[in-house]
1. Percent of alpha carbon pairs in the chain separated by more than 16 Å?
2. Once label points are set 7 Å from the Cα along Cα→Cβ at both N52 and E19, what is their separation, rounded to one decimal in nm?
Amino acid sequence: MSDFEKAAKDAVEAAANSEQLALIAAVLQAQQLTQQQPPAPAPAAPPSGGSNAKWVGIGAAVLVGGPFFLLAFTAAALGVAAVALSVAILALVLRSVWQDIKPK
């Protein structure tokens, strides 16, 4: 084997080794990239049931329902007062009638 053929054979082996080394370097770089990726962000906490919306709803219910509650309470109080007045008048009338028919 001549020196020229030997040099050509060594060149071919060196080229094959270079390709293998390049492939190994690419694999190692890919492994490093996959290991160095930042961890996936933690899942966002689920909304706490819309706490702001809940309180806005409660406030709206109080603002709208409050006057209706007071109106209903006032109507009930007037009804009780009317019944009490009627009972008092009835008692006075019956007492007067009793006084008139009672034997002296």
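1. Working: 4435 of 5356 pairs.
Everything past 16 Å amounts to 83 percent.
2. 6.2
We did not get these values from a lab; they are worked out from the coordinates using the rules stated. In this text, all values refer to a predicted model and were calculated from it rather than measured experimentally. Cβ atoms come from the backbone with ideal geometry, glycine included; neighbour counts cover every protein chain shown.
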